[in-house]
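Trainee: Starting off with a structure, shown below.
The values are calculated or read from the model by the stated rules, or taken from the named source; none is laboratory data. These numbers were taken from a predicted model, which means no experiment stands behind them. Glycine also receives a Cβ, built like all others from the backbone with ideal geometry; neighbour counts cover every protein chain displayed.
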Amino acid sequence: MEIADRDNVLICQDTGLPIYMVKIGSKFPMDGARIAAALKEGAKRATLEHPFRGSSTHPVTRVNPQTGVGEGLPVIYWDFIGENDYLDILMIPKGSGSENMSAMKMFIPADGVAAVKKFVIDTVLQSGSNPCPPGVIGVGIGGTADLVTKLAKEAIARPVGSHNHDPFFAKLEDDLCEAINSLGIGPMGLGGDITTLAVHIEWAHTHITQNPVAVNTQCWPARRARAKIYSDGRVEYGF
């Protein structure tokens, strides 16, 4: 980080795919189509005008437009917050080293919590050094097959070390963090007792006969940037 800051170079050659988490206040005058178009153009300009690597590619032909965007990209998650007059945009560029280690499994209720814990720990163990540990382990529990992966992605966006509001899941976060740090993978897979900085869980109610679980890992740089745009034109930048 010191070298990247001193020499104005990238902290990692993989500048990731653009992922936006957008929250819209009920009092913010919104044109969703214009916001989506602006986010796509912003991601494209960041690739063409700044030292972002063009990592987006056709899934079959592998033709790369060198723009960082394309069909279905950038990924934009929309949410709404009441009684606020701002647009909250969180940008998380996600590299493939960590994203390739994602996993999802459909459990049934009879599998119990022990099976969920084993799945999360096994996923981290099998990932080894690939996601550039120590980072953040995001876990989604419940919902549907598509929602649970979104929950896991939202989990890595939380401030490091924060806890789920539900005491049960807050304890499960601590239990999993302790177990994962006992695996001995260590920083960059070189061994040690710190393999993750935090385990974050997000959850949703699910069907009575299923229990989806997903794991999404964030690498140690955990790059992110936030802008809050108010209806009067003010902008606050942060993380």
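Trainee: Residue check: is Ala157 surrounded by fewer than 23 Cβ atoms within 10 Å (Cβ to Cβ) and farther than 18 Å from Phe169 by Cβ?
Mentor: Taking the combined requirement at face value, the residue does not satisfy it.
Trainee: Out of Ile194, Ile141, I need the residue that is more than 18 Å from Lys94 (Cβ to Cβ) and under 16 Å from the mean Cα position of the chain (by Cα). Which one? Before you say what the answer is, go through the steps one by one.
Mentor: Numbers: Ile194 fails: under 16 Å from the mean Cα position of the chain (by Cα).
The match here is Ile141.
Trainee: Report, by residue number, each residue of the range 83-133 that is β-branched (Val, Ile, Thr) and more than 27 Å from Ala37 (Cα to Cα).
Mentor: Matches in the range 83-133: Ile108, Val113, Val116, Val120, Ile121, Thr123, Val124.
Trainee: Among all residue pairs at least 6 apart or on different chains, which show Cβ distances below 7 Å where the first residue, located in the range 146-173, is outside the structural domain of Glu202 (by TED's automatic domain parsing) and the second is surrounded by 16 or more Cβ atoms within 10 Å (Cβ to Cβ)?
Mentor: Listed pairs, sorted by first residue: none to list.
Trainee: Same structure, new question: Conditions first: (1) exposed (fewer than 13 other Cβ atoms within 10 Å of the Cβ); (2) at pLDDT 95 or above. Gly140 passes all but one, so which condition is the exception?
Mentor: Only one criterion in (1) exposed (fewer than 13 other Cβ atoms within 10 Å of the Cβ); (2) at pLDDT 95 or above is unmet by Gly140, namely (1).
Trainee: Kindly state which strands (runs of 3 or more DSSP E) lie completely within the range 1-105 and contain at least 2 residues that are of a type in the set (Val, Ile, Thr).
Mentor: Ranges flagged: 19-25, 75-81.
Trainee: Same structure, new question: When both residues are 6+ apart or on different chains and their Cβ atoms are under 7 Å apart, which pairs have a first residue that lies in the range 227-238 and is assigned by TED's automatic domain parsing to the domain that holds Ile89 and at pLDDT 95 or above, and a second that is of a type in the set (Ser, Thr, Tyr) and surrounded by fewer than 10 Cβ atoms within 10 Å (Cβ to Cβ)?
Mentor: Cβ pairs passing all conditions: Ala227/Tyr237.
Trainee: Restricting the search to the range 100-131, which residues are touching a Gly at 6+ places or on another chain (Cβ under 7 Å) and crowded, with 21+ Cβ neighbours inside 10 Å?
Mentor: Within the range 100-131, just Pro131 meets the criteria.
Trainee: State which residue is farthest from Arg223 (Cα to Cα) when the search covers only the range 105-163 and only residues that are among the polar types (S, T, N, Q) and touching a strand residue (DSSP E or B) at 6+ places or on another chain (Cβ under 6 Å).
Mentor: Ranking the qualifying residues of the range 105-163, first place goes to Thr123.
Trainee: Scanning the range 111-154 for residues that are in a helix (DSSP H, G or I) and among the polar types (S, T, N, Q), which turns out farthest from Cys177 (Cα to Cα)?
Mentor: Thr149
Trainee: Sticking with this one: Given the options Ala38, Ala33, name the one that is closer than 23 Å to Gly238 by Cβ, free of Cβ contacts under 8 Å to residues at least 40 places away in the same chain and of a type in the set (A, V, I, L, M, F, W, C).
Mentor: Ala38 is the lone residue from the list that is closer than 23 Å to Gly238 by Cβ, free of Cβ contacts under 8 Å to residues at least 40 places away in the same chain and of a type in the set (A, V, I, L, M, F, W, C).
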